[in-house]
Amino acid sequence: MNKQMRRRMLAMLAAVLMMISCAAQATTVFVMEDTTAYAKPDTSSQAYGTLEAGMSATLSDYGYGWAKITAGGKSAYVKADALAVQKSYSGQTVYTAGEAKMYRNLNESSAFQTLDKGTAVNLYATAGDWAYVKAGGSKGLVKISQLTTQGPEKEAPAQSVDAYVCVDGARAYKSNSTSSKVLCSLSLNDVVTVTAYKSGWCRVTKNGATGYMRRADLSTEKTVAFKDAGMTAYVTASSAKAYEQWSTSSSVVATVKQNTEVTVTGLSDDWARVKSGSGSAYMLRRDLGTSPVTPSNGSSATPARGTAKEIDWWDGGIQSLIKVGDTYTVTDVATGIAWTEKRVGGSNHCDTVPATKADTAAMKAACGSWSWDRRAVFVTVNGVNYAGSINCMPHGDNKHEETGFGGHHCLHFTNSRTHGSNSLCPLHQAAIKKAASATLK
């Protein structure tokens, strides 16, 4: 035992012994290390034998570094720094804060037992950095720093949820300790059933067997393994989301319209990693294809590409390009869905209808429902795109049963006016500006 430890122990003994006279009332002490008992407070006197660490005795006197004790009905003198005075513990239950070793004496080479984290022990005395405890049928010394009054966390029941192994080769153990027996090793994305958990561990079952796994080795979602790829793909869904991570619960970084071209840099079973600026985003593979598609609504119209230019309704020539009875392609800027329209009238703007039932279905797919909302569109005539605006509300007395469209709707260009009030509609004009600034890929 080093000098510093001895001084601390002596200070503790002195503090306690100040409360008793030199002819002290009976005080229980514990032998903290193997020590020799003498007939007198003198090492040259008769030696009675060795008192083993962990023995208890009664202190009756103290002075000059010696203590007079009684043990087993016999009195003797021992070095005072080999003793510790019992405090107010009296065997109270404490717990190991982590894996802890028990020692026979204050020499750390005397360890004889290792206690698992959370082991309940009875505490009887402390001195310096050490505590005298009983664990099961064994008595010995442990470091005070390895004890806590907090009991181990109890195993909490789970609702028997399935989890995926997220670390290839993760192990299942007999108990919640990596030092316990390894029951098996599991592969990436193997499924286990979690039946309980505590701290960093889960109790799991698989094929009727029960074991314990680290929570860090399990996930509620499959681990996605990407293979590098370099290819061009197109959005085949009416619209598709690009996510920050390969999970539909992660943040959406963009909503991509149908037939948008994307660069795929990696593929997994369910996900595609796509280039997004200087980084990456993730899209579901089912929303992508190797070529552009005709919308599922059945319209044969080809979606516009590139940009559109503004054209004045009155003096830009659009009325001569689109006469009553003429057909042209309309492409919705927001969704990329295209269909064929036919002009049926109008003087301040175009009164127009979808050309076929399939075109009516395409228009409704783009708008979502019949609505007066203004939508930015490209109007393609003779291969040239013009910026326009439509509403999607059938109105008027003219019926077009062959197209399934009950009336007509409005198509506006720059400076066109309403029929009722003969005025500019600011919402239509704003949608035209939006179309003029858009680029369709």
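Brief remarks on what is shown
- Whichever residue in the range 356-376 is among the polar types (S, T, N, Q) and touching a residue at least 40 places away in the same chain (Cβ under 8 Å) and, among such residues, is surrounded by the fewest Cβ atoms within 10 Å (Cβ to Cβ): 356
- Hits in the range 393-441 - residues which are in a strand (DSSP E or B) and either among the basic types (Lys, Arg) or without any contact (Cβ under 8 Å) to a residue 60 or more places away in the chain (or both): 395, 400, 405, 409
- Test: residue in the range 182-194 that is surrounded by 15 or more Cβ atoms within 10 Å (Cβ to Cβ) and either touching an Asp or Glu at 6+ places or on another chain (Cβ under 6 Å) or assigned by TED's automatic domain parsing to the domain that holds residue 270 (or both): yes
- Residues of the range 335-355 classified as modelled with pLDDT of 90 or more, within 25 Å of residue 234 (Cβ to Cβ) and surrounded by fewer than 22 Cβ atoms within 10 Å (Cβ to Cβ), total: 1
- For the condition out of contact with any Cys (no Cβ under 6 Å at 6 or more places or on another chain) and assigned by TED's automatic domain parsing to the domain that holds residue 164, residue 267 does not qualify.
- Check on residue 178, touching a Pro at 6+ places or on another chain (Cβ under 8 Å) and either at pLDDT 90 or above or closer than 30 Å to residue 217 by Cα (or both): no
- Matching entry among 126, 93 (being polar (S, T, N, Q), under 27 Å from residue 151 (Cα atoms) and buried (at least 20 other Cβ atoms within 10 Å of the Cβ)): 126
- Exactly one residue out of 228, 270 is surrounded by fewer than 18 Cβ atoms within 10 Å (Cβ to Cβ), in contact with a helix residue (DSSP H, G or I) (Cβ under 7 Å, 6 or more places away or on another chain) and not hydroxyl-bearing (Ser, Thr, Tyr): that is 270.
- If the condition is being farther than 30 Å from residue 368 by Cβ and touching a strand residue (DSSP E or B) at 6+ places or on another chain (Cβ under 6 Å), then the range 221-245 contributes 222, 224, 226, 227, 228, 229, 231.
- Test set (1) surrounded by fewer than 14 Cβ atoms within 10 Å (Cβ to Cβ); (2) at pLDDT 90 or above; (3) farther than 22 Å from residue 439 by Cα - residue 243 fails condition number: (1)
- Note on the range 258-269: among residues that are in contact with a strand residue (DSSP E or B) (Cβ under 9 Å, 6 or more places away or on another chain) and either of a type in the set (Gly, Ala, Ser) or modelled with pLDDT under 85 (or both), the one that is nearest to residue 335 (Cα to Cα) is 258.
- Residue match in the range 378-388 (condition: modelled with pLDDT under 90 and part of a loop (DSSP other than H, G, I, E, B)): no
- Qualifying residue in the range 377-392 (condition: crowded, with 24+ Cβ neighbours inside 10 Å, of a type in the set (Ser, Thr, Tyr), over 17 Å from residue 259 (Cα atoms) and not assigned by TED's automatic domain parsing to the domain that holds residue 241): yes
- Out of 233, 209, 281, 237, one residue alone is modelled with pLDDT of 90 or more and closer than 27 Å to residue 362 by Cα. It is 233.
- Any chance residue 302 is free of Cβ contacts under 8 Å to residues at least 60 places away in the same chain and under 44 Å from the mean Cα position of the chain (by Cα): yes
- All strands (runs of 3 or more DSSP E) inside the range 1-103 with 3 or more residues being modelled with pLDDT under 80 and among the acidic types (Asp, Glu): none
The values are calculated or read from the model by the stated rules, or taken from the named source; none is laboratory data. Predicted model, so just to flag it, every value in this text is computed and none were measured. Positions of Cβ are generated from backbone atoms using ideal geometry, with glycine treated the same way; all protein chains shown enter the neighbour counts.
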